[in-house]
Amino acid sequence: MTALGGRPLIAYPLEAARAAGLEVAVIAKRRSVLPPLDCELVLEPDLPRHPLCGIVAAVKHGGGRPVVVLACDMPFLTASLLWWLAGQRGAAVAQVDGCLQPLLARYVPANLPALERTLGERASARAAVARIDPVMVDEHALVRFGDPRRLCFNVNDARDLQLARRWLAGEPTDAAARFVRGRG
């Protein structure tokens, strides 16, 4: 389990979602290593191992309501961004430097068939986004909530974790130099 600033990495996006007034649930595979959670845990199928598996599980868990999906390794999300994203109409997906961020998005129940079809084909989460034709939330929309590259930053490896620690400590860094494009 990865820690950042003495807290589990997942604590940061969960805190932002709660501060935004969102109903919070963690979608994870049965074998996921998680810290103690004070929210609902929803188990997604063990297979396939694909980002869309969690997105599909989240939309199904939404009970017919739109859902905001965010990755557990995005420590710099803000409550204001998540609140704004939740208030959009239809599907909306963040996009930074032309790269879609399917794990920072709002999905609606009508997206479920396209998401499931794409998952069944083992196509990318970005391919699924193309099928649902969402509103693209680009840097111009994101900048009012902070640096778009930080907002969409994923901690995927040791170098990313080191950069996140520097950012958390307030050290100036060149975000563009180490922006990690979302997976999918």
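The values are calculated or read from the model by the stated rules, or taken from the named source; none is laboratory data. Since this is a predicted model, take the numbers as computed values, not measurements. Ideal geometry is used to build each Cβ from the backbone, glycine not excepted, and the neighbour counts take in all protein chains shown. These accessible areas exclude ligands, DNA and RNA; they are computed on the full protein's heavy atoms, side chains included. Shrake-Rupley method; radii C 1.70, N 1.55, O 1.52, S 1.80 Å.
Given the conditions (1) buried (at least 17 other Cβ atoms within 10 Å of the Cβ); (2) more than 22 Å from GLY146 (Cα to Cα); (3) more than 12 Å from the chain's Cα centre (by Cα); (4) aliphatic (A, V, I, L, M), which single one is not true for ILE55?
Of everything listed in (1) buried (at least 17 other Cβ atoms within 10 Å of the Cβ); (2) more than 22 Å from GLY146 (Cα to Cα); (3) more than 12 Å from the chain's Cα centre (by Cα); (4) aliphatic (A, V, I, L, M), ILE55 misses just condition (3).
Could you say whether any residue in the stretch 109-126 is buried (at least 19 other Cβ atoms within 10 Å of the Cβ), closer than 16 Å to GLN88 by Cβ and in contact with a strand residue (DSSP E or B) (Cβ under 7 Å, 6 or more places away or on another chain)?
Within the stretch 109-126 (the criterion being buried (at least 19 other Cβ atoms within 10 Å of the Cβ), closer than 16 Å to GLN88 by Cβ and in contact with a strand residue (DSSP E or B) (Cβ under 7 Å, 6 or more places away or on another chain)), the answer is no, since none of the residues qualifies.
Find all pairs meeting these conditions: Cβ atoms under 6 angstrom apart; at least six residues apart or on different chains; first residue within the stretch 6-26 and open to solvent by 70 Å² or more (accessible area, probe 1.4 Å); second residue at pLDDT 95 or above and assigned to a helix (DSSP H, G or I).
Within 6 Å, the pairs are ALA19/ALA79.
I'd like the full set of residues that are open to solvent by less than 20 Å² (accessible area, probe 1.4 Å) and closer than 16 Å to ILE132 by Cα, limited to the stretch 68-84.
Just the residues of the stretch 68-84 that are open to solvent by less than 20 Å² (accessible area, probe 1.4 Å), to begin with: 69, 71, 74-75, 77, 81-82.
Within the stretch 68-84, VAL69 is the sole residue that qualifies.
If you scan the stretch 97-108, which residues turn out to be of a type in the set (D, E, K, R) and surrounded by fewer than 24 Cβ atoms within 10 Å (Cβ to Cβ)?
Taking the stretch 97-108 as the starting set, the residues that turn out to be of a type in the set (D, E, K, R) are 97, 106.
Within the stretch 97-108, ASP97 is the sole residue that qualifies.
Condition first: polar (S, T, N, Q) and touching a residue at least 40 places away in the same chain (Cβ under 8 Å). Can you find one or more residues in the stretch 60-80 that meet it? Can you show your working first?
Step one: list which residues in the stretch 60-80 are polar (S, T, N, Q), which gives 78, 80.
Retained after the next criterion (residues that are touching a residue at least 40 places away in the same chain (Cβ under 8 Å)): 78, 80.
Looking for residues that are polar (S, T, N, Q) and touching a residue at least 40 places away in the same chain (Cβ under 8 Å), one finds at least one in the stretch 60-80, hence yes.
For the subset of the stretch 29-49 comprising residues that are closer than 19 Å to GLU15 by Cβ and acidic (Asp, Glu), which member is least open to solvent (accessible area, probe 1.4 Å)?
GLU40
Taking the stretch 127-138 on its own, how many of its residues are touching a residue at least 12 places away in the same chain (Cβ under 8 Å) and open to solvent by 40 Å² or more (accessible area, probe 1.4 Å)?
So in the stretch 127-138, the residues touching a residue at least 12 places away in the same chain (Cβ under 8 Å) come out as 128-129, 131-138.
When the remaining residues are screened for being open to solvent by 40 Å² or more (accessible area, probe 1.4 Å), the result is 131, 133, 135-136, 138.
Within the stretch 127-138, residues that are touching a residue at least 12 places away in the same chain (Cβ under 8 Å) and open to solvent by 40 Å² or more (accessible area, probe 1.4 Å) number 5.
Name the one entry in ALA79, ALA92, ALA71 that is over 20 Å from ILE10 (Cβ atoms) and either touching a Phe, Trp or Tyr at 6+ places or on another chain (Cβ under 6 Å) or not polar (S, T, N, Q) (or both). Outline the logic, then answer.
Details: ALA79 fails: over 20 Å from ILE10 (Cβ atoms); ALA71 fails: over 20 Å from ILE10 (Cβ atoms).
The match here is ALA92.
Of the conditions (1) modelled with pLDDT of 95 or more; (2) open to solvent by 60 Å² or more (accessible area, probe 1.4 Å), ALA94 fails just one. Which one is it?
Answer for ALA94: the failing condition is (2).
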